[in-house]
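Working notes for the structure below.
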Amino acid sequence: MTVSTRAAAFTRTRRTRASAAMRGLVRETHLDPAQFIYPLFVTHGRGVREPISSMPGQSRLSVDLLAAEARELRDLGIRAVLLFGIPEAKDAVGSEGYASDGIVQQAVRALKDADPELLVVGDVCLCEYTDHGHCGLLLPSGEVDNDGSLPLLARTAVSLAEAGADLIAPSDMMDGRVGAIREVLDGSGFETLPIMAYSAKYASAFYGPFREAADSVPRQGAGDRRGYQMDPANVREALREVAADIAEQADMVMVKPALAYLDVIRAVRESTHLPLAAYNVSGEYAMVKAAAQQGWLDERAVVLETLMAIRRAGADILITYHAKEAARWLREQ
Ligand code: PBG
């Protein structure tokens, strides 16, 4: 037998791709429904399942339908939901966001009654509940009142905690909100309740379908959200946001959106040991659904590839509207 010195001249990476078993052995990233969070939109009424036109497959549900939803999620191995509410009435101070019988508070109770082990995440923000559609209070000048909004955000967090939420997720992007929420939760006997901060939340056009779903488009004249959500051009600033939220005792941090921000996910992953969530937002979902409906993409393959990419970038937790379908597909694999 002759041994050629040329044998090592090129690298045969294909050796470890030869079979499904071999590929399974060397796979670096995995998808597990235990790490999915499924967002739910909750609305007033009974027996309401109102499809969201820009998010095919997603609906606004009334509280009485949530027990069945919880059962379906349990069967699929999805153990966490994130709640958004569509209030009956909106006002300047977002009262229904922190009312003890607010729509989300009712939903939290119904879900925890139906399945005490389901992890219920409460989104803390005023935009669904304010008539101007901003995430905080407005000053007479039309500017968003950062510091004046903090007590209301903290009050929202406490009311969600009292309803039974397991994790508080502030998405408003006011400075100091994590610390304000932590302080008020601690003072209300909720020292052990964790906070998942939407730390690097960008002023993104990918939230369009969500704003239709939650009826939370900022009112014309009151401007957009660029004064508090992040500039899509920035990544170092994301690390400042994350560091600030960690200093204020966040237990988990988030990057949002996910797909156009994979580099941000990677940078945040490398900057902290905290659990990291990524939000695969409504516009990302809508794009895949629209192309799939046209027959232009293989939906199943694209969704699983996308979710894997977000995990590979460094996210532990995936918040995604694809959660149920992905869980089904993973089971079939
Ligand atoms: C509320 C909130 C938004 C989203 C989650 N929480 C909308 C926004 O900030 O305008 C977007 C989620 C999605 O697009 O799926 N502040």
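The values are calculated or read from the model by the stated rules, or taken from the named source; none is laboratory data. No experiment lies behind these values; they were computed from the predicted model shown. Positions of Cβ are generated from backbone atoms using ideal geometry, with glycine treated the same way; all protein chains shown enter the neighbour counts.
Close Cβ contacts (under 7 Å, 6 or more residues apart or on different chains) running from residues in the stretch 122-133 that are in contact (Cβ under 8 Å) with a residue 40 or more places away in the chain and within 11 Å of the ligand (Cβ to nearest atom) to residues that are β-branched (Val, Ile, Thr) and in a loop (DSSP other than H, G, I, E, B) comprise Gly133/Val217. Scanning the stretch 36-92 for residues that are within 16 Å of the ligand (Cβ to nearest atom) and either among the acidic types (Asp, Glu) or on the phi > 0 side of the Ramachandran plot (or both) returns a single hit, Gly57. Only one of the listed residues (Leu111, Leu126) is touching a Leu at 6+ places or on another chain (Cβ under 7 Å) and modelled with pLDDT of 95 or more. That residue is Leu111. The set of residues in the stretch 174-217 being near the ligand (Cβ under 8 Å from one of its atoms), outside any helix (DSSP H, G or I) and under 20 Å from Leu137 (Cα atoms) consists of Tyr198, Lys201, Ser216. Number of residues in the stretch 218-250 that are in a loop (DSSP other than H, G, I, E, B), touching a residue at least 60 places away in the same chain (Cβ under 8 Å), away from the ligand (no atom under 16 Å from the Cβ) and surrounded by 15 or more Cβ atoms within 10 Å (Cβ to Cβ): the value is 3. Taking (1) in contact (Cβ under 8 Å) with a residue 24 or more places away in the chain; (2) loosely packed, with under 13 Cβ neighbours inside 10 Å; (3) among the small types (Gly, Ala, Ser); (4) in a loop (DSSP other than H, G, I, E, B) in turn, Ala89 satisfies each apart from (1). Do the conditions hold for Gly148, that is, is it in a helix (DSSP H, G or I), over 22 Å from the mean Cα position of the chain (by Cα) and either over 27 Å from Leu318 (Cα atoms) or more than 16 Å from the ligand (Cβ to nearest atom) (or both)? So Gly148 passes the test. Of the strands (runs of 3 or more DSSP E) lying entirely inside the stretch 18-71, those containing at least 2 residues that are buried (at least 16 other Cβ atoms within 10 Å of the Cβ) span 36-43, 59-62. When the stretch 159-173 is limited to residues that are surrounded by fewer than 24 Cβ atoms within 10 Å (Cβ to Cβ) and either without any contact (Cβ under 8 Å) to a residue 40 or more places away in the chain or part of a loop (DSSP other than H, G, I, E, B) (or both), the one that is nearest to the ligand (Cβ to nearest atom) turns out to be Ser171. In the stretch 64-82, the residues that are over 11 Å from Ala110 (Cβ atoms) form Cβ pairs under 7 Å with partners that are basic (Lys, Arg), at six or more places apart or across chains, as follows: Leu76/Lys324; Leu76/Arg328; Ile78/Lys324. Candidates in the stretch 273-307 are the residues that are over 17 Å from the mean Cα position of the chain (by Cα), crowded, with 16+ Cβ neighbours inside 10 Å and touching a residue at least 40 places away in the same chain (Cβ under 8 Å); of these, the one that is nearest to the ligand (Cβ to nearest atom) is Lys289.
Within the stretch 308-333, being surrounded by fewer than 16 Cβ atoms within 10 Å (Cβ to Cβ) and closer than 17 Å to Pro56 by Cβ holds for one residue alone: Arg328.
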